[in-house]
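Structure first, commentary second.
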Amino acid sequence: MAIIESNDVHLYYGKNEALKGITMDFEQGGITALIGPSGCGKSTFLRTLNRMNDLIPNVTITGKVTFRGKDIYSPKTDTVALRKQIGMVFQQPNPFPFSVYENVIYGLKLDGKTNKSELDEIVETSLRAAAVWDDVKDKLNKSALSLSGGQQQRVCIARVLAVKPDVILLDEPTSALDPVSSGKIENMLLELKDRYTMIIVTHNMQQASRISDKTAFFLDGHLIEYNKTRKIFLNPEKQQTEDYITGKFG
């Protein structure tokens, strides 16, 4: 059964229609890549899945998005709780200007967790899962802003993991990083994919083909094609998909 489903989702910035009837679902576990040229709607769609577009003025959304069968746009939805269950990692690393330790426990403190030994354990577990423990275990009380970009991004991922989400949305999480840091994050995502449902927006075709199980191709606000990654890259059904993947545009 799908963990997230979108049905005929349209999104407007003012009068400009950015998403044009997106219907797709995401099964539990694994990595889905959203690909397409700049401005095609992939990041906008990603943000509809945990209501991050609520923070943008003059946005109208129609259609339905459900998480575990419940309509996330229902007036009864607690968006803070929703964003814990559906965590988000952004393009630019965005650690808070606190210590590494305080960054990781941020969401737990909001929940009222104060048990030091429990917090210590979650910090270590989350940083290990984010493949950054060895880099920062002696710097837990130093500012997260003193770390390299790749380390900052992995601390941000640890911050998401600490609150035990079901789904992790990643909006071009490696585009601001060097190839070595990007490779570390890709390897980490592959190790986590059995435990979490991950949806990643990427401009990098090689990255999509390397790490994702399924790929969705967006163009001009439309979902053109959505299938197993191997099928999309080797034998796409739509000419537009083939043209994009072979570099004829984009």
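The values are calculated or read from the model by the stated rules, or taken from the named source; none is laboratory data. No experiment lies behind these values; they were computed from the predicted model shown. Glycine gets a Cβ as well: all are built from the backbone with ideal geometry, and neighbour counts include every protein chain shown.
Are there any pairs, at least 6 apart or on different chains, whose C-beta atoms fall under 9 Å, with the first in region 213-228 and over 17 Å from Ser43 (Cβ atoms) and the second assigned to a strand (DSSP E or B) and of a type in the set (A, V, I, L, M), and if so, which?
Asp213/Ile31; Asp213/Ala33; Lys214/Ile31; Lys214/Ala33; Glu225/Ala216; Asn227/Ala216
Listed residues Ile3, Ile35, Ile22, Ile31; which is within 19 Å of Gln85 (Cα to Cα), surrounded by 23 or more Cβ atoms within 10 Å (Cβ to Cβ), of a type in the set (Val, Ile, Thr) and in contact (Cβ under 8 Å) with a residue 24 or more places away in the chain?
Ile31
Considering only region 95-110, state which residues are surrounded by 12 or more Cβ atoms within 10 Å (Cβ to Cβ), free of Cβ contacts under 8 Å to residues at least 60 places away in the same chain and not aliphatic (A, V, I, L, M).
The answer is Phe96, Phe98, Ser99, Tyr101, Glu102, Asn103, Tyr106, Gly107.
From the list Ile224, Ile157, exactly one residue is closer than 21 Å to Glu124 by Cβ and modelled with pLDDT of 95 or more. Which is it?
Ile157
Checking the structure you have, find out if any residue of region 227-240 is touching a Phe, Trp or Tyr at 6+ places or on another chain (Cβ under 9 Å), crowded, with 16+ Cβ neighbours inside 10 Å, hydroxyl-bearing (Ser, Thr, Tyr) and modelled with pLDDT of 95 or more.
No - not one qualifying residue is present in region 227-240.
So, in region 201-216, of the ones that are assigned to a loop (DSSP other than H, G, I, E, B) and touching a strand residue (DSSP E or B) at 6+ places or on another chain (Cβ under 6 Å), which residue ends up surrounded by the fewest Cβ atoms within 10 Å (Cβ to Cβ)?
Going through the qualifying residues, I end up with Asp213.
For region 99-129: of the residues being part of a loop (DSSP other than H, G, I, E, B) and at pLDDT below 95, which is nearest to the chain's Cα centre (by Cα)?
Here is the first cut: in region 99-129, the ones part of a loop (DSSP other than H, G, I, E, B) are 105, 111-115.
Remaining after also requiring at pLDDT below 95: 111-115.
Numbers: Asp111: 22, Gly112: 25, Lys113: 25, Thr114: 28, Asn115: 29 Å.
Of everything passing the filter in region 99-129, Asp111 is nearest to the chain's Cα centre (by Cα).
Would you call Asp138 acidic (Asp, Glu), more than 27 Å from Glu186 (Cβ to Cβ) and modelled with pLDDT of 95 or more?
For Asp138, the condition - acidic (Asp, Glu), more than 27 Å from Glu186 (Cβ to Cβ) and modelled with pLDDT of 95 or more - is not met.
Does region 119-129 contain any residue that is at negative phi, free of Cβ contacts under 8 Å to residues at least 60 places away in the same chain and of a type in the set (Lys, Arg)?
Going through region 119-129, the residues at negative phi turn out to be 119-129.
From what is left, the residues that are free of Cβ contacts under 8 Å to residues at least 60 places away in the same chain are 119-128.
Of the ones still in play, those that are also of a type in the set (Lys, Arg) are 128.
Among the residues of region 119-129, at least one is at negative phi, free of Cβ contacts under 8 Å to residues at least 60 places away in the same chain and of a type in the set (Lys, Arg), which makes the answer yes.
Tally time: how many residues in region 69-88 are touching a strand residue (DSSP E or B) at 6+ places or on another chain (Cβ under 7 Å) and more than 11 Å from Val167 (Cα to Cα)?
3
Output the number of residues of region 47-98 satisfying the condition of being over 30 Å from Gln151 (Cα atoms) and either of a type outside the set (Ser, Thr, Tyr) or at pLDDT below 95 (or both).
Final tally of qualifying residues: 16.
If we keep just the residues of region 44-63 that are among the polar types (S, T, N, Q) and buried (at least 21 other Cβ atoms within 10 Å of the Cβ), which is farthest from Asp78 (Cα to Cα)?
Per the criteria, the residue is Thr44.
List the number of the failed condition for Leu219; all other conditions in (1) buried (at least 20 other Cβ atoms within 10 Å of the Cβ); (2) within 14 Å of the chain's Cα centre (by Cα) hold.
(2)
What helices (runs of 4 or more DSSP H), lying completely within region 131-200, carry at least 1 residues that are touching a residue at least 40 places away in the same chain (Cβ under 8 Å)?
Working: elements: 133-136, 149-162, 179-192.
Qualifying helices (runs of 4 or more DSSP H): 149-162, 179-192.
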